[in-house]
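A.B. asks: Before I ask anything, here is the structure I am working with.
Taken together, the values in this text are just the output of simple stated rules run on the coordinates, not laboratory data. Since this is a predicted model, take the numbers as computed values, not measurements. For neighbour counting, all protein chains shown are included, and Cβ atoms are generated from backbone atoms with ideal geometry for every residue, glycine included.
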Amino acid sequence: MSNHLMNTYARQPVTFSKGEGVWLWDTQGEKYLDALAGVAVNGLGHAHPALVKAISEQAAKLIHVSNIYNIAEQSALADKLCEISGMDKVFFCNSGCESNEAAIKLARLYGHNKGIESPEIIVMDKSFHGRTMATLSATGNRKVQAGFEPLVSGFVRVPYDDVEAVKQVASRKNNVVAILVEPVQGEGGINIPKDASGYLEALREICDANGWLLMLDEVQTGIGRTGTWFAFQHTKIKPDVMSLAKGLGSGVPIGACVAHGLAADVFTYGKHGSTFGGNPLATAAGLATLNIIEQEKLRENAEKIGDLIRASLALALKDCKEVVAVRNAGLMIGVELNRPCAELVKMALAEKLLINVTAEKVVRLLPPLVMNELEAQELVLRLSSLIKTFLSQSN
Ligand SMILES: *Cc1c(COP(=O)(O)O)cnc(C)c1O
């Protein structure tokens with residue numbers, strides 16, 4: 001690996017050269033089962049033929065033009081996103097943190113338009129919203145913030161899955177303008193609220209009562225991952241703002257800040273922008289991704305395979321008292337142990353399995369949405385045996 005790369009990642013000693021479906025091959029020709037999908041990005045798996053075709057054809061026609069012109073592919077993707085979400089308007093950018101930046105700016109502008117000069121946004125403990133200054137300030141993890149003070153002000157933090165704490169903020173402050181929350185916390189450890197739909201519905205109610213915007217960070221939960229297009233679709237409510245990225249372009253960088261109702265018209269001319277955001281290549285990739293998910297019924301598959309993996313892992317690990325919980329929302333799967341287990345990533349790599357460990361003690365699986373039952377069984381077999389080996393060695 002080059003010495004000229006800044007040292008921001010703990011890289012595993014492997015280089016991949018090609019992929020197909022849920023499989024990757026390294027430069028030595030060794031084959032790996034990919035249960036991480038580039039951290040919830042490669043929903044269609046690797047080298048999906050219809051995606052490759054759409055990207056290649058678009059690249060041959062037009063990759064980029066400025067947003068000072070109409071972009072047909074961008075309009076088509078905006079229409080499609082609003083059709084499947086029931087939302088009204090989209091701003092395109094290039095990543096998850098940028099879609100949250102847009103949401104944060106939108107909420108502040110919404111506040112200023114109401115005469116609130118110092119607007120604040122409620123954010124959660126253990127949340128993750130990105131690495132830009134505003135989004136790392138919104139993030140509920142000191143490790144992400146340490147060394148980058150002064151942080152951006154204007155955030156009020158409460159515990160996740162705690163409606164009472166939000167109500168208390170409502171009763172004590174009059175400058176709150178929005179809540180920013182992940183329907184399921186990804187980086188935080190696959191944290192699913194006890195009553196997942198009840199939680200979002202209660203937050204919706206508080207927002208309505210106080211004139212706040214409900215802003216959902218669906219960067220990880222969106223685009224079919226939890227079994228519906230967006231996680232909020234498991235509930236009765238709709239957000240005012242939703243941020244998307246990861247799975248949207250299947251690896252071609254794209255982010256989207258999607259808004260509904262009042263929130264849809266907050267940004268006016270000159271208030272936000274992006275050079276690359278929504279360019280023809282990225283939006284063609286996004287459109288192809290959504291069409292393929294629809295045609296191949298990958299939301300249904302994510303729900304079925306996610307539940308199968310959770311149930312099979314729980315069964316295989318039922319005698320391990322060190323396993324605290326196995327939980328999932330579709331193909332967001334977490335296995336929480338009673339001890340730090342970062343070592344498992346390296347052990348899994350040696351067994352040709354790609355996984356992640358987050359929040360120190362949680363094995364996180366984010367397999368491609370195209371994973372079939374046989375591949376899921378193979379994943380369960382490899383992972384459960386690895387966890388048992390790890391637990392026996394670390395006793
Ligand atoms: C990954 C992630 C982000 C940040 O996305 P980037 O594209 O890395 O900026 C923000 N929010 C959530 C919930 C994420 O999972």
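A.B. asks: Only bridges whose two residues both fall in the chain count here: according to DSSP, what percent of them are antiparallel, nearest 5?
C.D. replies: 65
A.B. asks: Also, I was wondering about something else. Which of LEU391, PRO367, VAL357 sits farthest toward the positive end of the charge dipole of the stretch 332-395, with +1 on the Cβ of Lys and Arg and -1 on the Cβ of Asp and Glu?
C.D. replies: Going by the Cα projections, it comes out as LEU391.
A.B. asks: Hey, what did the stretch 257-395 get for relative contact order, percent, Cα under 8 Å, at least 6 apart?
C.D. replies: 21 percent.
A.B. asks: Sort largest first and round to whole Å: the equivalent ellipsoid semi-axes of the stretch 143-186, each the square root of five times a Cα gyration tensor eigenvalue.
C.D. replies: 21, 16, 9
A.B. asks: Also: What percentages make up the Cα-Cα pair-distance distribution of the stretch 1-157 when the bins are 5 Å wide from 0?
C.D. replies: Result returned by the calculation: 2, 7, 10, 12, 15, 16, 15, 13, 8, 3, 1, 0, 0.
A.B. asks: Okay, moving on. Taking other Cβ within 10 Å of each residue's Cβ, how do LYS105, LYS246, LYS18 sort, fewest first?
C.D. replies: LYS18, LYS105, LYS246
A.B. asks: Let me ask something else about it. Counting only helical runs of four or more DSSP H residues, what would the 222 nm mean residue ellipticity of the chain come to if each run contributes -39,500 (n - 2.57) and the total is spread over all its residues?
C.D. replies: Mean residue ellipticity at 222 nm (helix-derived): -11500 deg cm²/dmol.
A.B. asks: Kindly state, to the nearest 0.05, the FRET efficiency for LEU262 paired with ILE63, given R0 = 22 Å and r defined as their beta-carbon distance.
C.D. replies: For LEU262 and ILE63, the calculated efficiency is 0.05.
A.B. asks: Report, by chain and number, residues whose modeled amide H sits under 5 Å from the one on VAL158, excluding near sequence neighbours (fewer than 5 apart, same chain).
C.D. replies: Amide H to amide H, under 5 Å and 5 or more residues apart or across chains, VAL158 pairs with VAL123, MET124, ASP125.
A.B. asks: Where in the chain are the DSSP H helices whose C-alpha atoms run 15 Å or more along the long axis and whose mean Kyte hydropathy is at least 0.5?
C.D. replies: Within the chain the helices that satisfy the rule are 280-295.
A.B. asks: Please compute the modelled spin-label separation between GLN168 and SER56, points set 7 Å along Cα→Cβ, answer in nm with one decimal.
C.D. replies: With each label point 7 Å from Cα toward Cβ, the separation is 5.9 nm.
A.B. asks: Which ordering of CYS341, CYS257 is given by a fewest-first count of other beta-carbon atoms within 10 Å?
C.D. replies: Ordered by Cβ neighbours within 10 Å, fewest first: CYS341, CYS257.
A.B. asks: How would ARG339, ARG142 line up from fewest to most surrounding beta-carbon atoms within 10 angstrom?
C.D. replies: The fewest-first ordering by Cβ neighbours comes to ARG142, ARG339.
A.B. asks: Roughly speaking, what % of Cα-Cα pairs in the chain are separated by over 34 Å, rounded to a whole number?
C.D. replies: More than 34 Å apart: 28 percent of the Cα pairs in the chain.
A.B. asks: Per 10 Å bin, what is the whole-percent P(r) computed from every C-alpha pair distance within the stretch 8-51?
C.D. replies: 27, 54, 18, 1
A.B. asks: Which value, in nm² and rounded to one decimal, describes the direction-averaged projected area of the C-alpha convex hull of the stretch 215-298?
C.D. replies: Averaging across all directions leaves 6.1 nm² for the Cα convex hull.
A.B. asks: As a quick test, which of the pairs LYS89/LYS126; LYS114/LYS271; LYS126/LYS361; LYS18/LYS53; LYS126/LYS246 have an alpha carbon distance above 21 angstrom in this structure?
C.D. replies: Check vs 21 Å cut-off fails for LYS89/LYS126.
A.B. asks: Per-residue HN-Hα couplings for the stretch 220-229, Karplus 6.51 cos²θ - 1.76 cosθ + 1.60 at θ = phi - 60°, whole Hz, x for Gly and Pro?
C.D. replies: 3J(HN,Hα) across the stretch 220-229, in whole Hz: 9, 7, x, 6, x, 4, 9, x, 10, 3.
A.B. asks: In whole Å, how far is the Cα centre of the stretch 44-102 from that of the stretch 114-160?
C.D. replies: 28
A.B. asks: Can you bin every Cα-Cα distance in the stretch 235-377 into 5 Å intervals starting at zero and give me the percent of pairs per bin, rounded to whole numbers?
C.D. replies: That works out to 2, 8, 12, 16, 17, 14, 12, 10, 6, 3, 1, 0, 0, in percent per bin.
A.B. asks: Turning to a different aspect of this structure: Full extension from ALA76 to GLU149: what is 0.36 nm times the residue separation minus their Cα-Cα distance, to one decimal in nm?
C.D. replies: Length gained between ALA76 and GLU149: 22.2 nm.
A.B. asks: Determine the dipole magnitude for the chain: charges of +1 sit on the beta-carbon of Lys and Arg, -1 on that of Asp and Glu, nothing else is charged, the reference point is the Cα centre, and the result goes in debye to the nearest 20.
C.D. replies: The dipole magnitude comes to about 560 debye.
A.B. asks: On to the next question. Could you work out the relative contact order of the chain? I mean the mean sequence separation of Cα pairs under 8 Å and 6+ apart, divided by the number of residues, in percent.
C.D. replies: 22
A.B. asks: Students often get this wrong: which residues of the stretch 178-198 have the backbone nitrogen under 19 Å from the point 7 angstrom along Cα-to-C-beta of ARG157?
C.D. replies: Under cut-off, by backbone N: 178-192.
A.B. asks: If each residue of separation counts as 0.36 nm, what is the full-extension length gain between LYS352 and GLU373 once their alpha-carbon separation is subtracted?
C.D. replies: Length difference between fully extended and current span is 5.7 nm.
A.B. asks: Which whole number of Å³ per residue matches the convex hull of the alpha-carbon atoms in the stretch 126-209?
C.D. replies: 92
A.B. asks: Let me check I've understood the local charge: for VAL163, count other residues with C-beta under 12 angstrom from its C-beta, Lys and Arg +1, Asp and Glu -1. What total comes out?
C.D. replies: Its environment carries a net charge of -3.
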